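Enquirer: Okay, here's the structure, questions in a sec.
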Amino acid sequence: MSDHQSTYVPKTGFEKWLDSRLPIVRLAYDSFVDYPTPKNLNYWWTFGGILSVCLAIQIITGIILAMHYTPHVDYAFNSVERIMRDVNYGWLIRYVHANGASMFFFAVYIHMLRGLYYGSYKAPREVLWILGCIIFFLMIATAFMGYVLPWGQMSFHGAVVITNLIGSIPLIGGPILTWLQGGFAVDQATLNRFFSLHYLLPFVIAGVVILHIWALHVAGQNNPAGVEIKSKEDTVAFTPYATVKDGVAIIVFLFLFSVFVFFMPNALGHADNYIPANPLVTPAHIVPEWYLLPFYAILRAIPDKFGGVIAMFGSIAVIFALPWLDTSKVKSMRYRPVMRWFFVIFVIVCLGLGWCGAQLPDAQVIPGLPSFTLFDGQLNSYLWLTRLFTIYYFVFFLLIMPWIGLKEEPLPVPASISEAVLAEHNKKKG
Amino acid sequence: MSEPDNTAAAVNDDPSRRDFIYIAAGATAVGAVGAIAVPLVAQMNPAADTLAMASTEFDLTKVQEGQQIVIKWRGKPVFIRSRTGAEIKAAQDTPLADLKDPQTDADRVKAGKEQWLILVGSCTHLGCVPTFGAGDYGGWFCPCHGSHYDTSGRIRKGPAPLNLVVPEYDFLTDTRVKIG
């Protein structure tokens, strides 16, 4: 926290010398050792640390892969296969990188939902939240461009479909599309620039992560009780308490990571991406990676092409506005008995959107159930299920958030973190 | 410099001179940023070799009636379809009122060469390659998001907004076309 006084005392002569020239050890000590952490943080708070590990893994494996990869339409696919077969431990590094993207998104979704549940976006943490949203958006862009690089069928046609979204913008869409692709179709120029940007963006993400942590350390961490730190009794030192707790979570997370890398490395990918890109044939069923499926579902829910693009970007933009959409003064949903249920439905809807995004829009949701045509599709189809979920997604942010905040009668909020901890302790004992 | 009073007086005496320097410097900086941005942005546009899109020639005798061949032109697939009499008739007899993007079949082929339908094989929705002979109208069906095209390549059903694009092409001889 900003009012936290530095307690760092340089011990050795060198530390004293350095401290008066570049107080970098002091910064690290104040940020990650002596930093006061709310003492009631639960395991949902360990995903920040897990995400830092994910970013580090992606950058390290990515730099190594770039040493062996060739960004050329004729060689890209084969260079990836060479990494898999010939490069020493290339299979391991590529599988860690490919599955690492999935693990990264898995962790970031939990991190975001934790923020949503405990109201971590509310004053004074709006900027912290928006920086997180920017990181999420950059992650989507980076992951999309990375998926194009192996130049398989899904890579290629995914790139065609997504870049063509830009082309749907009225008037300026066409020229912007040509500018992005560097030609009249997804081709060498597109692959080459995607490689360049895929290498660059993780470092931009790292930069925004630093701002994110800075903002976190100015506002102080939120906590499950959702009340601010009032006294020293409410906190413990970051080291060892938070570092060790984060460490335990990171180890468990790496177990899960390893299960994917070593036992089911292609489970989250798509078999069609092991077919070299062929611009003349589109795979029968184009799907993005699982972590983008909810947004893909929203895109397809709207019958108008440009409208679909607006809805998809809108579904991300609305997250940025969350601090001003929620009207409730109570941060943690522990003390919001009504909102809590809407949150549970929201999580189910997001999972449902992901499920719908992987299905053919015209397929029946319940096979054999009689149905009728509503406007442009069968009611018993993924098209209408997706629309239902999409409506809830936007209603949750734009109507439920502001309205429930005004109407809801919150439960009594504890006066301090210490009080919340003691109350819980007594409940368990008695 | 040795007489600070004088300097201060000079500024106060002639503020417009100082303003002029500020505005001139600022305008130059803005202009310079703009001038630097132009090449940095423009390099992303298609390069000269990409723009010099080689036209492609094709021997029509390779296509049997009722079939299509897909060739690559400007990085995109081009459909060359030899239509049957029934397909041509179906395309010609479709009333314009039934079409989302109204266009007669005659506008989409060369006069006297109604048999040959030449189209850019890129769905006008999001650019997937439609499947030949599938869909409700016997033309093409886009597997990505379910757009149906008729035997003239016109959009009939689904999310695509426009008909499949007819590229620029000419018959060099009766059996040879030049696309582009």
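Enquirer: How large is the convex hull of the C-alpha atoms of the stretch A:76-231 per residue, in Å³? If you can, show how the numbers build up before the last one.
Expert: Details: hull volume 23.0 nm³, N = 156.
Looking at the stretch A:76-231, the number lands at 147 Å³ per residue.
Enquirer: Bin width 10 Å, origin at 0, all Cα-Cα pairs of the stretch A:230-294: what percent of pairs per bin?
Expert: Final binned percentages: 15, 25, 22, 17, 13, 6, 2.
Enquirer: Please list, in order along the stretch B:98-104, the HN-Hα scalar couplings obtained from phi with the Karplus expression 6.51 cos²θ - 1.76 cosθ + 1.60 (θ = phi - 60°), rounded to whole Hz, x for Gly and Pro.
Expert: 7, 9, 6, 10, x, 6, 6
Enquirer: Amide H to amide H, which residues 5 or more places from A:V236 or on other chains are under 5 Å from it, using H placed in the peptide plane?
Expert: When sequence neighbours closer than 5 places are left aside, the close amide H contacts are A:T37, A:K39.
Enquirer: Follow-up question, since we're still on this one. What is chain A's relative contact order, in percent, from Cα pairs under 8 angstrom and six or more apart in sequence? Could the numbers behind the result be given before it?
Expert: Details: 530 pairs, mean separation 92.3, N = 430.
The normalised contact order for chain A reaches 21 percent.
Enquirer: Taking 7 Å along the Cα-to-C-beta vector as the label spot, tell me the B:A111-A:E233 distance in nanometres, rounded to one decimal.
Expert: So the two model labels end up 9.6 nm from each other.
Enquirer: Give me the summed buried accessible area for the A-B pair, 1.4 Å probe, to the nearest 100 Å².
Expert: The contact between B and A buries close to 2200 Å².
Enquirer: Which value in nm describes the separation of the simple spin-label points at A:A206 and A:K429, placed 7 Å from the Cα toward the beta carbon?
Expert: 4.8 nm
Enquirer: Continuing with this model, one more query. Before rounding to the nearest 500, sum -39500 (n - 2.57) across all DSSP H runs of length at least 4 in chain A and divide by the residue total; then give [θ] at 222 nm in deg cm²/dmol. Walk me through the numbers on the way to the answer.
Expert: On the way: 17 runs with 253 residues, N = 430.
Computed mean residue ellipticity for chain A: -19000 deg cm²/dmol.
Enquirer: Continuing with this model, one more query. For the stretch A:324-330, in order, what is each residue's ³J(HN,Hα) by Karplus, 6.51 cos²θ - 1.76 cosθ + 1.60 with θ = phi - 60°, in whole Hz (x at glycine and Pro)?
Expert: 9, 8, 7, 9, 6, 7, 7
Enquirer: If you don't mind, there's one more thing I want to ask. Longest exposed-loop-site-free stretch of chain B, with GluC sites (Glu not before Pro), DSSP loop and at most 13 other Cβ within 10 Å?
Expert: On the way: sites that count: B:E65, B:E168.
Of all site-free stretches, the longest is B:66-167.
Enquirer: I'd like the Karplus ³J(HN,Hα) series for the stretch A:120-136: coefficients 6.51, -1.76, 1.60, θ = phi - 60°, whole numbers in Hz, and an x wherever there's a Gly or Pro.
Expert: Each residue's phi maps through the Karplus curve to give 6, 8, 7, 3, x, 10, 5, 5, 4, 5, 5, 4, x, 4, 5, 4, 4 Hz.
Enquirer: Express the accessible area of the stretch B:101-170 per residue in Å², computed with a 1.4 Å probe while the remaining protein chains stay in the model.
Expert: Counting only protein heavy atoms, the per-residue value for the stretch B:101-170 is 34 Å².
Enquirer: OK, next. For chain A, how many pairs of lysine residues have a Cα-Cα distance under 14 Å, where the two are 8 or more positions apart or belong to different chains? Mind dumping the intermediate values first?
Expert: Numbers: A:K39/A:K230; A:K39/A:K232; A:K39/A:K245; A:K122/A:K329; A:K122/A:K331; A:K329/A:K407.
Lysine pair count for chain A: 6.
Enquirer: Averaged across orientations, what area in nm² does the convex hull of the alpha carbons in the stretch A:283-369 project?
Expert: On the way: hull surface 32.6 nm².
Approximately 8.2 nm², given one-decimal rounding.
Enquirer: Hey, what angle do you get for helix A:188-219 against the long axis of chain A, alpha-carbon based, 0 to 90 degrees rounded to 10?
Expert: The answer is roughly 20 degrees.
Enquirer: Quick query: amide H of B:S122 versus all other amide H atoms, modeled in the peptide plane; which residues come in under 5 Å with a sequence gap of 5 or more or a different chain?
Expert: B:V165
Enquirer: OK, next. Once the convex hull of the C-alpha atoms of the stretch B:61-180 is built, how many Å³ does it hold per residue, rounded to a whole number?
Expert: Details: hull volume 11.1 nm³, N = 120.
Hull volume normalised by residue count: 93 Å³.
Enquirer: So which chymotrypsin sites (Phe, Trp or Tyr not before Pro) in the stretch A:62-155 are both in a DSSP loop and have at most 15 other Cβ atoms within 10 Å of their Cβ? Intermediate results must be reported in sequence, preceding the final value.
Expert: Numbers: sites: A:Y69, A:Y75, A:F77, A:Y89, A:W91, A:Y95, A:F104, A:F105, A:F106, A:Y109, A:Y117, A:Y118, A:Y121, A:W129, A:F136, A:F137, A:F144, A:Y147, A:W151; in loops: A:Y69, A:Y75, A:Y89, A:Y118, A:Y121, A:W151.
Taking the stretch A:62-155 and a limit of 15 other Cβ atoms within 10 Å, the loop chymotrypsin sites (Phe, Trp or Tyr not before Pro) found are A:Y75, A:Y89.
Enquirer: Across 20 Å bins from 0, what is the distribution of all Cα-Cα pair distances for chain A, in whole percents?
Expert: Going from the shortest bin to the longest, the percentages are 22, 52, 25, 2, 0.
Enquirer: While we're on this one: Please give the solvent-accessible surface of A:E233 in Å², to the nearest 10, using a probe radius of 1.4 Å with every protein chain present.
Expert: For A:E233, the solvent-accessible surface is approximately 120 Å².
Enquirer: Taking Cα atoms of the stretch A:195-237, Rg/Rh with Kirkwood Rh, to two decimals? Walk me through the numbers on the way to the answer.
Expert: Values: Rg = 16.1 Å, Rh = 12.9 Å.
In the stretch A:195-237, Rg relative to Rh is 1.25.
Enquirer: Roughly how tilted is helix A:382-395, in degrees to the nearest 10 and between 0 and 90, from the longest Cα axis of chain A?
Expert: Between helix and principal axis, roughly 30 degrees.
Enquirer: Ok, one more. How much solvent-accessible surface does A:W179 expose, in Å² to the nearest 10, with a 1.4 Å probe and all protein chains in place?
Expert: Number for this one is 70 Å².
Enquirer: Another one. Would you please give the residues with an amide H less than 5 Å from that of A:S381, counting only those at least 5 places away or on a separate chain, with H modeled from the backbone geometry?
Expert: A:V365
Enquirer: While we're looking at this one, here's another question. So, taking all protein chains as they sit and a 1.4 Å probe, how much accessible area belongs to A:M67, in Å² rounded to tens?
Expert: Looks like 140 Å² after rounding.
Enquirer: Could you tell me the relative contact order of the stretch A:344-430? Use alpha-carbon pairs under 8 Å, at least six residues apart, and round to a whole percent.
Expert: Numbers: 51 pairs, mean separation 21.9, N = 87.
Value for the stretch A:344-430: 25 percent.
The values are calculated or read from the model by the stated rules, or taken from the named source; none is laboratory data. Because the structure is a prediction, the values reported are computed rather than measured. Cβ coordinates were reconstructed from backbone atoms using ideal geometry, including for glycine residues, and neighbour counts include every protein chain displayed. These area figures cover heavy atoms from the full protein model, side chains too; ligands, DNA and RNA do not enter into them. Shrake-Rupley method; radii C 1.70, N 1.55, O 1.52, S 1.80 Å.
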